[in-house]
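Engineer: Take this structure, written in structure tokens, and hold onto it; I'll ask about it next.
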Amino acid sequence: MKKPILKISENFSEMMSDINNGLFFTVVFTKKDRSIRTMNCRTRVVSYLRGGEKRYDDKDYNLKTVWDRKKKEYRSFPLHEIIELRAMGKIYTQ
């Protein structure tokens with residue numbers, strides 16, 4: 001069965017709903033240094049928190065903070081720099 005390919009701009013709220021459920025997803029995005037990064041990650045991971053608060057709000061910088069499965073650390077990626085995102089059997093592209 002072929003996975004549906006959806007435009008990020010037209011399906012942004014659906015995409016955010018798919019990644020906020022705590023299941024793993026894969027995102028390809030452009031980093032600040034303009035290099036391309038692929039990350040397998042998930043949201044809602046709290047077991048590695050050490051206390052304290054972040055010094056910034058993700059919404060102020062259009063970021064999404066996730067748990068990186070490979071590096072085993074929290075990472076953030078810019079939502080406006082997503083090239084491709086695969087979640088819940090769907091593929092979101094620019």
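Each value in this text was obtained by applying a stated rule to the coordinates, not by laboratory testing. This structure is a prediction, so every number in the text was calculated from the model and none was measured. All Cβ positions, glycine included, derive from the backbone under ideal geometry; neighbour counts span all protein chains shown.
Engineer: What does the extension gain come out to for Glu10 and Ile36, with contour length at 0.36 nm per residue minus their alpha carbon separation?
Structural biologist: Full extension of this stretch gives 7.1 nm more.
Engineer: What's the exposure ranking of Ile8, Ile36, going from fewest to most Cβ atoms within 10 Å?
Structural biologist: Ile36, Ile8
Engineer: Another question, then. Can you give the FRET efficiency to the nearest 0.05 for Val45 and Lys90, using r as the Cβ-Cβ distance and R₀ = 22 Å?
Structural biologist: 0.50
Engineer: Within 10 Å, at most 15 other Cβ atoms, and a DSSP state outside H, G, I, E, B define an exposed site. Report the longest part of the chain free of exposed chymotrypsin sites (Phe, Trp or Tyr not before Pro).
Structural biologist: So the longest stretch without any such site is 57-94.
Engineer: I've got another one for you. In nm², what is the average projected area of the convex hull enclosing the Cα atoms of the chain?
Structural biologist: Directional mean of the projected Cα hull area for the chain stands at 6.7 nm².
Engineer: Further question on the same structure: Just want the answer: with Cβ charges of +1 for Lys and Arg and -1 for Asp and Glu, which residue in Thr38, Pro4, Ile83 is farthest toward the dipole's positive end in the chain?
Structural biologist: Among Thr38, Pro4, Ile83, the one farthest towards the positive end of the dipole of the chain is Thr38.
Engineer: Let's see if you can work this out: charge +1 on each Lys and Arg Cβ, -1 on each Asp and Glu Cβ, no other charges. What is the dipole magnitude of region 1-90 about its Cα centre, in debye to the nearest 20?
Structural biologist: 440 debye
Engineer: Give, in nm to one decimal, the length gained when the segment between Tyr56 and Asn21 is fully stretched (0.36 nm per residue of separation minus the Cα-Cα distance).
Structural biologist: 10.3 nm
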